[in-house]
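Participant: First the structure, then my questions, so here it is.
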Amino acid sequence: MDLGSLHGKASMSRGRMTRRDFMQWALGAGLAVSGLSELSGKGSAAEAAAQPTVVVASAKKPAELVRAAVDALGGMGKFVKRGQRVLVKPNIGWARKPEHAATTNPEVVAEVVRLCKAAGAREIKVMDHSVDVPDALVLKMSGIKGPAEKAGARVIMASSAGLYERVSLRRAKALKSTDVLRDLGRADVFINVPIAKVHNATVLTLGCKNLMGAVLDRGAWHRSGLDQCIADFVTQFPPDLVILDAVRILLTNGPKGPGRTEDKRLVVAGTDPVAVDAYSASLFGRSAEKIGHLRLAHAMGAGEIDLSRIRVKNV
Amino acid sequence: MYKRLRAARRVSQLLFLAAFVLLFALATFPPKTRIPVDLFLRADPLIAMSAMVSLRKLIFPLVWYALPVVVLSLFLGRAFCGWICPMGTTIDLCERLFRIRGRRPSQAPPWRRVKFYVLIALVVTMLLPAAHRSAKEWALTDTVGVSAVYLMDPIALLTRTFTLVGLPVSQWGLGMTRDVVTEWSYARFVEDHPLLDRALAPIQTGLSMVTRDSAVYFRLGLLSFVVFAGIVAAGRYARRFWCRNLCPLGALLGVLGKVSPVKLAVSEKCTRCMRCVNECKVGAISEDPHEYSGPECIACYSCIAVCPENAVSLTARREHAGREDEVRLDRRRLLEAAGFGLATAALLKVDWGAARTQAGELALKVSSQRLLRPPGALGEDAFVTACVRCGECMKVCPTNALQPAFGEGGLESLGTPILVPRIGPCAQSCNQCGQVCPTRALEPFSVEEKAHLYLGTASIDRSTCIAWAAGKQCLVCDEACSYDAISQEVVEGVERPVVDDRICVGCGLCEWVCPVEPLGAIRVYSTGDKRHWTRDERRELREQAEQESTGVSPYPGL
């Protein structure tokens, strides 16, 4: 991914800056960083000035929904270039079957992988750090492994510490440093593929909350303030693309279920993580403004929360 | 024609040991085979006898599995010891590998009686009633004996060593290897060479298949290792010291083999070169090679292989057989052994850790509020009696949650499995511990039944819970609960978790995920253990609680 726009001058001095470069750079002790936050602030402000687009694909089969939504955003080729590494982050958090709508729809994940493959990706990793254990069981129940691997991805349940690296979050207010997936730093493209569910602690769990599965120690987020940590993380590590699975959504007893579900047959996609969530909240009849972590993320400049400023494209 | 028997025996030993190791490795969740992975333990007649005698009931699955070894022994004596027993093979291999050479075998004949005394002592403990109780308690449980067979049964001992020592050590090594390979895969050098990258991927996949998600921990590993090492090291005194002197299973099979028609015969060609006497693994042959002890002979047939005159052979005709050197058991010693068994049982049962609470609910002991037994466990007395501490349940447990007890429940429950939720939760859709228990101390149960096999009850410590004490946004326990037993209560505008103790089964997932370090603010206690209820009663409680609760099925079609 190109963090250039986000980090202004810091990246210009090194040409194209990968996320890993950024991490190494952020870790570097001797670097003066005082003026940089201002610069990057300007970067994201400039980005926000352009009205963010959220694509809503409906009334098709799950894989077709994904294709339609990505096409409407300009096709996967716009995000994934030939020879790039892609990290796909679905929700494989619970030992539940797809029909319980607690984990991302396997067909959605597989189609994302297929599109990346078709765009010429050199490596596609599907990774999540599940809450439930054991990993093998969670993965088996989710039904994601088979289809995603067939589509050309490596599916990795990330519970071993060797897959993470310590990173300082410069702009964070609560989550100053944490162990994040190394692949998040290594991948050229980061695609978030959450499922839409209600959540007992954060009202809803959509795209931003799904990023919590990219760190080793989730407990720290609870201890230091969940909403702020989610906002901190999405501000620091915005996905390049969010493809939200609302094929079937969980309405009660989330995030794990089992609960009441509803077949929405939708996929919501976009590049602004907050805007995608803001629109998706409306699927539950909720206002994004009432969801703490989205409000905070918006305030930190991670994206647009006001639906009137978001262009919604139905396909 | 008999010369090849030794080679055949060695092949058989290696094959059975390989089968033992393979079955041990296959004890996993999700299961990889339909063969019972505890096959060797099930086939062990001593374990079967112990379970049935001490539980006072006929358990047919145990009878069927143990029958082949019994029949084998009736015909061929202790052939099991020489050809099949993985402990015997392990000892043979270690003696060879570490060049452990026993002294002349005939120097320690009186010792060999010890194994019979051990057997007698064990049988006495099995026959004794477990505890004297008040009338109220008596009604709550079956009368059972005490079993100490776990201390001496070779198959249980070896399986336990594999679990408590072999598994964590091998996983430690595998885990480090995986981490090193992971490290390589992220190296710039590898990234820049797609070929290397592609070569590492299958290695990583392979490693992830055999390596657990996280490191495996057990306590008592060192103790278990010392016992095992002692058994091997005793070979310095005499080869297969364990088999010839201590093993109660060997004693039992030797007694069964008294009726065996197949005997060793020594012809007149014998020149008394004494090679067979020196080669005999268990010192069964006397100074006069024409005389040997039937209950000692493990049918290894080394005597046949080493005889330069081909004077040793097998015969089914009594008149041709070699003279038998009888093992004469001293009556006084037998009484002493019985007394020793009695004392063992008594001391295990009067250890204060075994003391019950006044509630009379037999699961509850004053020594630990955390005596959480795996689902399917028998009542506490029967469980402690039937469990042979083989560790299969701990091996198969996918989350490393099952640990050998050490203090919880007193001396009598040393090494029995308890759930330690902070290490791992009891995974909702796993029922493997009930599948691999050779004695049915853990009775088989279905995944659906788990919803009412209460192990205990979770309880929230409101003084440390970050939602209750600090008003923070945290309902991880509620998020994670597989059974929807936790709900939210809004106090001063903040949602805080509360537990419905009739729905909570004590799986410990909440305790495991709780972000309060190090021990969690929600903990499972044995208060809710309902093993003194029948399964039907437990199911009814569950159904009733559910109707009054959310109305969402706890059985999400797993």
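FYI, it's all coordinate maths here, none of it is from the lab. Please read all numbers here as calculations on a predicted model, not as lab measurements. Every residue, glycine as well, gets a Cβ built from its backbone with ideal geometry; the counts of neighbours run over all protein chains shown.
Participant: What order, most packed first, do the peptides A:131-144, B:12-25, B:511-524 have when packing is the mean number of other Cβ atoms within 10 Å of each residue?
Facilitator: So the order, starting with the most tightly packed, is A:131-144, B:511-524, B:12-25.
Participant: Got a sec to turn the phi values of the stretch B:27-34 into Karplus ³J(HN,Hα) couplings, 6.51 cos²θ - 1.76 cosθ + 1.60 with θ = phi - 60°, whole Hz, x for Gly and Pro?
Facilitator: Each residue's phi maps through the Karplus curve to give 6, 9, 10, x, x, 10, 8, 9 Hz.
Participant: Still on this model: Describe numerically, in nm with one decimal, the distance between label points set 7 Å from Cα along Cα→Cβ at B:Val494 and at A:Lys176.
Facilitator: Taking the two extended label points, one gets 2.2 nm.
Participant: Counting just the Cα atoms, what span does the stretch B:388-514 cover along each of its three principal axes? Round to the nearest Å and put the largest first.
Facilitator: That gives 53, 31, 22 Å along the principal axes, largest extent first.
Participant: Which of the peptides B:504-510, B:233-239, B:433-439, A:223-229 is most tightly packed, and how do the rest follow, judged by the mean count of other Cβ atoms within 10 Å per residue?
Facilitator: Final packing ranking: B:504-510, B:433-439, A:223-229, B:233-239.
Participant: Need one number: nm distance between label points at A:Val312 and B:Arg10, each 7 Å from Cα along Cα→Cβ, rounded to one decimal.
Facilitator: 8.0
Participant: Just to check I understand the Karplus step: with θ = phi - 60° and J = 6.51 cos²θ - 1.76 cosθ + 1.60, what whole-Hz values come out for the stretch A:141-150, glycine and proline as x?
Facilitator: 5, 5, x, 8, 3, x, x, 5, 5, 5
Participant: Just how large is the dipole of the protein assembly as shown about the Cα centre, in debye to the nearest 20, putting +1 at every Lys and Arg Cβ and -1 at every Asp and Glu Cβ?
Facilitator: 2580
Participant: At a Cα cut-off below 13 Å, give the aspartates and glutamates reachable from A:Lys313, other chains included and same-chain residues fewer than 8 away excluded.
Facilitator: Of all the aspartates and glutamates, those that pass the test against A:Lys313 - Cα under 13 Å, at least 8 places apart if same chain - are A:Asp71.
Participant: Here is a further query. In whole Å, what are the Cα extents of chain B along the three principal axes, biggest one first?
Facilitator: For chain B, the Cα extents along the three principal axes come out at 98, 77, 36 Å.
Participant: Now for a separate question. Suppose every K and R has +1 on its Cβ and every D and E has -1 on its Cβ; what is the size of the dipole of chain B about the Cα centre, in Debye to the nearest 20?
Facilitator: Rounded to the nearest 20 debye, it is 3180 debye.
Participant: Okay, next question. Kindly flag which residue pairs out of A:Lys61/A:Lys145; A:Lys97/A:Lys173; A:Lys81/A:Lys197; A:Lys145/A:Lys197; A:Lys97/B:Lys395; A:Lys81/A:Lys264 have an alpha-carbon separation exceeding 30 Å in this structure.
Facilitator: Violating the 30 Å limit, Cα to Cα: A:Lys97/A:Lys173; A:Lys81/A:Lys197; A:Lys81/A:Lys264.
Participant: May I ask you to give the average projected area over all directions of the convex hull of the Cα atoms of the stretch B:151-262, in nm² rounded to one decimal?
Facilitator: Averaging across all directions leaves 11.5 nm² for the Cα convex hull.
Participant: In the stretch A:52-314, what percentage of the DSSP-assigned beta bridges are antiparallel, given to the nearest 5?
Facilitator: Looking only at bridges with both residues in the stretch A:52-314, the antiparallel portion is about 50 percent.
Participant: A follow-up question, please. Considering Cα pairs under 8 angstrom that are at least six residues apart, work out the relative contact order of chain B and quote it in whole percent.
Facilitator: Normalised by residue count, the contact order of chain B is 16 percent.
Participant: Then there is this: Based on other C-beta atoms within 10 Å, arrange B:Thr457, A:Thr103 from fewest to most.
Facilitator: So the residues, fewest neighbours to most, are B:Thr457, A:Thr103.
Participant: Taking each residue of A:200-213 in turn, how many C-beta atoms of other protein chains fall within 10 Å of its C-beta, and what is the average?
Facilitator: Other-chain Cβ atoms within 10 Å of each residue's Cβ, averaged: 2.
Participant: Continuing with the same structure: Can you give the calculated 222 nm mean residue ellipticity of chain B, where each DSSP H run of n ≥ 4 adds -39,500 (n - 2.57) and the sum is split over every residue, rounded to the nearest 500 deg cm²/dmol?
Facilitator: -12000 deg cm²/dmol
Participant: To the nearest whole number, what is the average tally of beta carbon atoms from other chains within 10 Å of the beta carbons of peptide B:470-482?
Facilitator: 6
Participant: Which of A:Val54, A:Thr178, B:Met87 sits closest to the plus end of the dipole of the protein assembly as shown, meaning its Cα is farthest towards the positive end, when Lys and Arg get +1 and Asp and Glu get -1 on the C-beta?
Facilitator: Looking along the dipole axis, the top candidate is B:Met87.
Participant: A further question follows. Distance between the C-alpha centers of the stretch B:449-477 and the stretch A:187-229? Whole Å please.
Facilitator: 21
Participant: Straight-line reach from B:Lys281: which lysines have a Cα under 28 Å away, not including same-chain ones fewer than 8 places off?
Facilitator: B:Lys3, B:Lys115, B:Lys258, B:Lys263, B:Lys269
Participant: Once the Cα gyration tensor of the protein assembly as shown is found, what semi-axes does its equivalent ellipsoid get, as square roots of 5 times the eigenvalues, in whole Å, sorted largest first?
Facilitator: 62, 32, 21
Participant: Moving on to the next point. Would you kindly derive the ³J(HN,Hα) couplings of the stretch A:86-103 from the backbone phi angles with the Karplus curve 6.51 cos²θ - 1.76 cosθ + 1.60 (θ = phi - 60°), listing them in order in whole Hz, with x for Gly and Pro?
Facilitator: 10, 10, 10, 10, x, 9, 10, x, 9, 7, 9, 7, x, 5, 7, 6, 9, 10
Participant: Let me know the charge dipole size of the stretch B:175-314 about its Cα centre in debye, to the nearest 20, where only the beta-carbon of Lys, Arg (+1) and Asp, Glu (-1) is charged.
Facilitator: Using only the charged Cβ atoms, the result is roughly 400 debye.
Participant: Long-range amide H contacts for A:Ser177: which residues qualify at under 5 Å (H placed 1.01 Å from N, peptide plane, sequence gap of 5 or more or a different chain)?
Facilitator: A:Leu169
Participant: For the stretch A:52-314, what is the Kirkwood estimate of the hydrodynamic radius, computed as the reciprocal of the mean inverse distance between distinct Cα atoms, to one decimal in Å?
Facilitator: With all distinct Cα pairs of the stretch A:52-314 included, I get 17.7 Å.
Participant: So, one more: Figure the gain on full extension for B:Ala359 and B:Leu22 (residue separation times 0.36 nm, minus the Cα-Cα span) and round it to one decimal in nm.
Facilitator: 116.8 nm
Participant: Let me ask something additional. Please figure out what share of the DSSP beta bridges in the protein assembly as shown is antiparallel and state it in percent, rounded to the nearest 5.
Facilitator: 65
Participant: Could you tell me the extents of the stretch B:448-553's C-alpha atoms along the three principal axes, largest first, rounded to whole Å?
Facilitator: 41, 28, 18
Participant: In the protein assembly as shown, if the dipole is taken from +1 on Lys/Arg beta carbons and -1 on Asp/Glu beta carbons about the Cα centre, which of B:Val21, B:Leu222, A:His129 is farthest to the positive end?
Facilitator: B:Val21
Participant: Right, here's the next one. Can you give the average number of partner chain beta-carbon atoms within 10 Å of each beta-carbon in peptide A:253-260, as a whole number?
Facilitator: 5
Participant: Just to be sure I understand the model, the point goes 7 Å from the Cα along the line to the Cβ. What's the resulting B:Phe75 to B:Arg317 distance in nm?
Facilitator: Computed distance between label sites B:Phe75 and B:Arg317 equals 2.1 nm.
Participant: Please name which of B:Val350, B:His452, B:Val181 has its Cα lying farthest along the dipole of chain B towards the positive end, using unit charges on Cβ (Lys, Arg +1; Asp, Glu -1) and the Cα centre as origin.
Facilitator: B:Val350
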